[in-house]
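Have a look at the structure below, then the notes.
The values are calculated or read from the model by the stated rules, or taken from the named source; none is laboratory data. What you see is a predicted model; the values in this text were computed from it and never measured. Cβ: placed from backbone, ideal geometry, glycine included. Neighbour counts: every protein chain shown.
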Amino acid sequence: MARRKGPPGRGKGRGKAGGSKRKRRSRFREQAKCRFCRQKVQEVDYKDIGTLVKLTTQQGKIFSRKRSGNCARHQRSCRRAIKRARMLALMPYVS
């Protein structure tokens, strides 16, 4: 997407005539480790529905690594566990 060019001196953060500067808020808090690494979990259990529900949206979609805060290893493990729970009808495919 291309940016529009307006009259000079009317952009954000360009001298005194520019717009006000706002602080950007982080949408998700950065954590040192993922929740499964902190608990020293080797493999995410497909029978632990309470944990798996926290990793899915209301529609049943799996949250991204950035959103869930998982490391790559545990994100793959969560994905497998959620798919197994869906196959065994412990979790819905869609809500």
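Of all residues in the range 54-92, those satisfying the criterion of being assigned to a helix (DSSP H, G or I), loosely packed, with under 14 Cβ neighbours inside 10 Å and either in contact with a Phe, Trp or Tyr (Cβ under 7 Å, 6 or more places away or on another chain) or of a type in the set (Val, Ile, Thr) (or both) are LYS66, ARG67.
Cβ-Cβ distances below 7 Å connect the following pairs, each with a first residue in the range 38-63 that is without any contact (Cβ under 8 Å) to a residue 24 or more places away in the chain, a second residue that is of a type outside the set (A, V, I, L, M, F, W, C) and surrounded by 13 or more Cβ atoms within 10 Å (Cβ to Cβ), and a separation of six or more residues or different chains: ILE62/THR56; ILE62/ARG79; PHE63/THR56. Scoring ARG14 on the criteria (1) modelled with pLDDT of 90 or more; (2) more than 20 Å from the chain's Cα centre (by Cα); (3) surrounded by 11 or more Cβ atoms within 10 Å (Cβ to Cβ) leaves a single failure, condition (1).
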